[in-house]
1. So the check is Cβ under 9 Å with 6+ separation or different chains; which pairs have a first residue in segment 22-39 that's under 14 Å from residue 91 (Cα atoms) and a second one that's surrounded by 12 or more Cβ atoms within 10 Å (Cβ to Cβ) and modelled with pLDDT under 75?
2. Report whether or not residue 162 is outside the structural domain of residue 106 (by TED's automatic domain parsing) and modelled with pLDDT under 95.
3. Go through the residues of segment 471-491 one by one and say whether even a single one is surrounded by 14 or more Cβ atoms within 10 Å (Cβ to Cβ), modelled with pLDDT of 85 or more and not assigned by TED's automatic domain parsing to the domain that holds residue 381.
4. Which of (1) within 19 Å of residue 103 (Cβ to Cβ); (2) touching a helix residue (DSSP H, G or I) at 6+ places or on another chain (Cβ under 9 Å); (3) not in a loop (DSSP other than H, G, I, E, B) is the odd one out, the single condition residue 168 does not satisfy?
5. Would a scan of segment 423-434 turn up a residue that is modelled with pLDDT of 90 or more and either surrounded by 17 or more Cβ atoms within 10 Å (Cβ to Cβ) or not assigned by TED's automatic domain parsing to the domain that holds residue 532 (or both)?
6. I want to confirm something. Restricting to segment 504-540 and keeping residues that are assigned to a helix (DSSP H, G or I) and out of contact with any helix residue (DSSP H, G or I) (no Cβ under 8 Å at 6 or more places or on another chain), which single residue is nearest to residue 734 (Cα to Cα)?
7. Of all residues in segment 343-357, which are within 24 Å of the chain's Cα centre (by Cα) and either surrounded by 15 or more Cβ atoms within 10 Å (Cβ to Cβ) or part of a loop (DSSP other than H, G, I, E, B) (or both)?
8. State whether the residues of segment 261-268 include one that is outside the structural domain of residue 142 (by TED's automatic domain parsing), farther than 24 Å from residue 295 by Cα and surrounded by fewer than 18 Cβ atoms within 10 Å (Cβ to Cβ).
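The values are calculated or read from the model by the stated rules, or taken from the named source; none is laboratory data. Keep in mind that this is a model prediction, so the values were computed, not measured. Note that each Cβ is placed from the backbone with ideal geometry, even for glycine, and that neighbours are counted across all protein chains shown.
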């Protein structure tokens, strides 16, 4: 055994360094052949254990004086030697599996030289043909030693991937093994092994950048397409209490949810079409897991998977490249998304969120339990809360795209948003009952800006679907006023959501600028849609600002600037917009009063996620693309906006300003006019954002106090307009912002007219 281990150690060092193997690679076969006398090894180990136990028991039964030096009987010494031999045999197997795994990976690695790669490939093929390595590894999967079983699964993954890359026939032993155990029993340990290995092989295919990924994955999935569907039905069509081995079921659930995500990702990125890729969309049995008595991390994994499916972000952590656009679109994907959204809303209507428990435990890596010495964080699982909120709003948006009746949309919006708010209220402290209901979005997503903006965009598109038939230039009719009341009551008023967003960032235009440049979120798409709505719905926006200020004034909330202003302490004067001042003094009946004790601290500022830096000479993918003209029709805006904004490559402002970058050609026709106006027309003064002195806790003039929020909002947008224009002048903006500047200029024009 010492000789074998010495040779394997020597081979391990060679493979680790990528050294050339000797000409006769067949000499290594006998040393790499795993000893599969599993029963004999286990028997030897069991006999050794029993003999040692018996010998020690015999010694304990003798009534002799106690001694610190215990001399083992000859039988015990022999059993100890056998025990040691078994341990060394297991260590030798682990070393064999490690070397085999490294040989298989070296044979496919691009870092290995061509000459050395041929030797590794020849050795791998010889192992497959001479000792039937695949069959032996499958047997080792069922070993009682978990470390040995895991190493066998890891080695089998490399072996299967080697066969796919070398365009060889997939192991028939493996195909038969998987089809049998996935079809017969969903709670067997072997089913979990099959799922783990298949998931690992698909991950290897995704991570590799070779051009044959689609063919490799198609070869792997073809034998299991029907088998996956059978396993899905068997696993999820039963009640959790009917399973005899819950631990195996939990393991199978974890592996299968990960496999489902990879199947959907392969549909999006590699344009494959299998029935198993549509299981989650067309058969909503998986939603029943949320009511099962399973650990919270299982439910969290499921709601995150559904969120990724509805946002078309499945596999984004594994696939770094963008979704291919040149291939033919998946026309069935839209209908499948609608089916999933519809199934989710049906489950919500049946009380799904009432059955979903969100425990007050932290979301720890690998589970919910806190390790000894760790600090326990109080509060609910915010990861689950965010995912539940986003999939509900996104499902409504997807379903509303296929509605024709505004009445049906209003009923569904009120129904499902009421259920969502009822689900969230017990978990949000202070409770939303003391706040404007539209605050739920900023409260839930305060720590996750990408999800927050996805939810805000979905909410905005829902609002646009419902109000498309209204004429924005007309005065507020009784029907529209009733609908505005409803949007507040159910937390989906776009102006309230935007104002809460600005409050969270302390009305800092530089934060908005960083969001515009960052590619981490969908802020650009959301922002241009909202600016277009803002110009059409200006009167509604003014009334919202009025109601915000009136409610805060009535409740005595201090609304001075969250960031100290240089104007504090000086006497200020304000130009009160006529339209805003003319609004009645009655406060909004659907905006309940807030108290000082329960109000959210305004010093809590949300910052955008860290963005990626770009070399000073500019990325190679930049192209002179321009944003679309948002004065176009609503239909064309829905298509062209998404296309152009998605393709815009954005970079970090701080990194861009470190060097001069060759700018994009500007296409704005009235650029000189914009320049002259931006220079001649000053921004709103700093005093405008401070409606009263910092020393005073109440406003000296209620009329002036009420318009503070409106003035701060307009000032923030004007500062943003100036910053974007200056960066464009210096060729530092990563895309052509002509249309964005046009929208911001339109807001300023609305303010001037007001």
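1. 35/41
2. On the way: outside the structural domain of residue 106 (by TED's automatic domain parsing): no; modelled with pLDDT under 95: yes.
No: the conditions fail for residue 162.
3. Yes: segment 471-491 contains one or more residues that are surrounded by 14 or more Cβ atoms within 10 Å (Cβ to Cβ), modelled with pLDDT of 85 or more and not assigned by TED's automatic domain parsing to the domain that holds residue 381.
4. (3)
5. Let us first name the residues in segment 423-434 that are modelled with pLDDT of 90 or more, namely 423-424.
So of that shortlist, the ones also either surrounded by 17 or more Cβ atoms within 10 Å (Cβ to Cβ) or not assigned by TED's automatic domain parsing to the domain that holds residue 532 (or both) come out as 423-424.
Yes, there is a match, as at least one residue in segment 423-434 is modelled with pLDDT of 90 or more and either surrounded by 17 or more Cβ atoms within 10 Å (Cβ to Cβ) or not assigned by TED's automatic domain parsing to the domain that holds residue 532 (or both).
6. Kept after step one, since they are assigned to a helix (DSSP H, G or I), are these residues of segment 504-540: 504, 509-517, 523-536, 538-540.
Now restrict to residues that are out of contact with any helix residue (DSSP H, G or I) (no Cβ under 8 Å at 6 or more places or on another chain): 511, 536.
Values: 511: 16, 536: 28 Å.
Going through the qualifying residues, I end up with 511.
7. Result: 343, 344, 345, 347, 348, 352, 353, 356, 357.
8. No: zero hits.
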